[in-house]
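A short worksheet on the structure shown next.
The values are calculated or read from the model by the stated rules, or taken from the named source; none is laboratory data. This structure is a prediction, so every number in the text was calculated from the model and none was measured. When we count neighbours, we look across all protein chains shown, and the Cβ atoms used for this are built from the backbone with ideal geometry, even at glycine.
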């Protein structure tokens, strides 16, 4: 079931097209990693989805309801990129405010606040003022405020910026739990390894539109990986060239082969130079990472 | 999941009350200064009574009403600062993204601020009644109506100021200047009849002038004479609302216009 559907979004800020035909669909229970460089349109998309910015064209629907309505807003949990908490109120008071704004009954709110405090390791600091919390604790509290009403769609805009490893682990685990309970999660980030941890699908944004969308493994299969071959001494006769989609780079006593299937490209190369195999010390295969995928997509 | 509007408004009212309670310094200051100045200025206003004539506030009446107007104008700055904080803390967008509507958020935020401004005036008049025997001729209810109207006017002007200001420092500077100019034109410190001629002509342009006029009528005249100054306060309150509505809806109006142009351009 499609939980979030953005169709042909366009938004200009003066001469800049922040969104330029932005399409994205996310199913219930799916975590979609929305990645892209600064200015790719991630935050504008988040603000449009939260009903904070009107688009020039296109539509966003949450469970089939247009985001301009209060009903749609009640179905969305938002953790914006910048901290949006009351520094002079305690962590607990902040959470009770958002629980109330989403119409949670007192008893239900009490239970939910307690649960999120435990999940996000905030139990000891709930009665401290937000301004006295560490950056990581504030980040976790911001995520808790987004999840307080168990929204079917969660929009987390770079929730782990500046977060320490403990904060990051707690956040990722809680996001995973929310998805397991059926929430569709849009997770924008520059830390691509987090998307591996979350087992997220990918949406790569650039210049206000989605460049690539789908399963990580399928997308990664289109990106060249590397095979690094080390020799005792590199025979001068060993051809170092680029043929077809295979790129070979020679460096000291090492060859780096870049190809969609680098191992397959290596076999004919070594077969053509049997003398080289006698000097072979080791082969290291480096599969493409999400960083490679992102660079590859943006370059191409 | 959603509950009646009252739940959301009450959540915001509770939260705003907490925020005000956490930072009571400025409001306490404006009450204490008001009380002090009532004590200091009361004999002065009594002494100049023969110059001012019977239709003018004298003694305790002038001191209490003048300080109520003056320090509620300074309280405007405090109220506006609470609203501006929402922008500097980035919480305003977070509230708008919740299921609470714009009106619910605004009501929830302004009700506690309104209550504080009313309480400030109640303390100043209450103190004047207990310590110096102030007694409104039109009745306490008339004074209460004036206090409620003036507090609402101050609050809505504060809402307008919070949308105009870009930073707390800007709000503080502009708020001080506005409060002092309005106080002077109101005749809160120096009765209007003693102001230089050109200032006397400008005085009706100040909302404080009409607030003091309303208090004067409640204290020494009849309820019937409250109508005109109260109507003028409504006008000033509408100006405050108009400013905030215009500034607040500007980006939305631009977006709607752009959308309509897109529709026109499509074949």
> Considering the stretch A:184-207 alone, what residues qualify as being outside any strand (DSSP E or B) and either crowded, with 23+ Cβ neighbours inside 10 Å or free of Cβ contacts under 8 Å to residues at least 12 places away in the same chain (or both)?
Replying inline: A:200
> Looking at (1) within 14 Å of another protein chain (Cβ to nearest Cβ); (2) touching a residue at least 40 places away in the same chain (Cβ under 8 Å); (3) surrounded by fewer than 16 Cβ atoms within 10 Å (Cβ to Cβ), can you tell me which one residue B:22 breaks?
Replying inline: (2)
> Do we have residue A:168 as over 20 Å from residue A:86 (Cβ atoms), assigned to a helix (DSSP H, G or I), more than 14 Å from every other protein chain (Cβ to nearest Cβ) and out of contact with any strand residue (DSSP E or B) (no Cβ under 6 Å at 6 or more places or on another chain) here?
Replying inline: yes
>> Can you tell me which of (1) part of a helix (DSSP H, G or I); (2) in contact with a strand residue (DSSP E or B) (Cβ under 8 Å, 6 or more places away or on another chain); (3) at pLDDT 85 or above is the one residue A:265 doesn't meet?
In response: (3)
>> Within the stretch A:63-84, take every residue that is facing another protein chain (nearest Cβ under 7 Å), in contact (Cβ under 8 Å) with a residue 40 or more places away in the chain and not in a strand (DSSP E or B) and give me the one that is nearest to residue B:6 (Cα to Cα).
In response: A:74
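A quick yes/no check of all residues on (1) within 30 Å of residue A:68 (Cβ to Cβ); (2) out of contact with any strand residue (DSSP E or B) (no Cβ under 6 Å at 6 or more places or on another chain); (3) within 11 Å of chain A (Cβ to nearest Cβ):
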site	(1), (2), (3)
B:87	yes, yes, yes
B:97	yes, no, yes
B:120	no, yes, no
B:126	no, yes, no
> Which condition number does residue A:97 fail, the rest of (1) under 25 Å from the mean Cα position of the chain (by Cα); (2) free of Cβ contacts under 8 Å to residues at least 60 places away in the same chain; (3) not in a loop (DSSP other than H, G, I, E, B) being met?
Replying inline: (1)
>> I'd like to know if the stretch A:119-131 contains one or more residues that are outside any loop (DSSP other than H, G, I, E, B), touching a strand residue (DSSP E or B) at 6+ places or on another chain (Cβ under 8 Å) and within 12 Å of chain B (Cβ to nearest Cβ).
In response: yes
> For the stretch B:47-58, does any single residue satisfy the condition of being touching a residue at least 12 places away in the same chain (Cβ under 8 Å), away from every other protein chain (no Cβ under 14 Å) and part of a helix (DSSP H, G or I)?
Replying inline: yes
> Inside the stretch A:90-118, can you point out the residues that are more than 27 Å from residue A:28 (Cα to Cα) and surrounded by fewer than 22 Cβ atoms within 10 Å (Cβ to Cβ)?
Replying inline: A:90, A:92, A:93, A:106, A:107
> Taking the condition crowded, with 24+ Cβ neighbours inside 10 Å and within 14 Å of chain A (Cβ to nearest Cβ), does residue B:65 pass?
Replying inline: no
>> Condition check: within 21 Å of residue B:108 (Cα to Cα) and touching a residue at least 60 places away in the same chain (Cβ under 8 Å). Does residue B:162 satisfy that?
In response: yes
> Which one of B:181, B:241 is modelled with pLDDT under 85, in a helix (DSSP H, G or I) and surrounded by 13 or more Cβ atoms within 10 Å (Cβ to Cβ)?
Replying inline: B:241
>> Looking at (1) touching a residue at least 24 places away in the same chain (Cβ under 8 Å); (2) closer than 30 Å to residue A:49 by Cα; (3) in a helix (DSSP H, G or I); (4) over 15 Å from the mean Cα position of the chain (by Cα), which one does residue B:142 not meet, given that it meets all the others?
In response: (2)
> Could you count how many residues in the stretch A:280-300 are out of contact with any helix residue (DSSP H, G or I) (no Cβ under 6 Å at 6 or more places or on another chain), surrounded by 15 or more Cβ atoms within 10 Å (Cβ to Cβ) and outside any helix (DSSP H, G or I)?
Replying inline: 2
> Does residue A:96 qualify as being within 12 Å of another protein chain (Cβ to nearest Cβ) and under 18 Å from residue A:156 (Cβ atoms)?
Replying inline: no
> Given the conditions (1) more than 30 Å from residue A:64 (Cβ to Cβ); (2) more than 13 Å from every other protein chain (Cβ to nearest Cβ); (3) touching a strand residue (DSSP E or B) at 6+ places or on another chain (Cβ under 6 Å), and given that residue A:110 satisfies all but one, which numbered condition is not satisfied?
Replying inline: (3)
> In this structure, is residue B:15 modelled with pLDDT under 90 and either in contact with a helix residue (DSSP H, G or I) (Cβ under 8 Å, 6 or more places away or on another chain) or in a helix (DSSP H, G or I) (or both)?
Replying inline: no
> Say we look at the stretch A:13-56 and pick out the residues that are within 12 Å of chain B (Cβ to nearest Cβ) and surrounded by fewer than 16 Cβ atoms within 10 Å (Cβ to Cβ); which of these is nearest to residue B:100 (Cα to Cα)?
Replying inline: A:13
>> Going residue by residue through the stretch B:70-84, is there one that turns out to be within 14 Å of another protein chain (Cβ to nearest Cβ), part of a loop (DSSP other than H, G, I, E, B), touching a helix residue (DSSP H, G or I) at 6+ places or on another chain (Cβ under 8 Å) and under 24 Å from residue A:74 (Cα atoms)?
In response: no
>> Just to be sure I understand, how many residues within the stretch A:46-65 are in contact with a helix residue (DSSP H, G or I) (Cβ under 6 Å, 6 or more places away or on another chain) and within 17 Å of residue A:186 (Cβ to Cβ)?
In response: 7
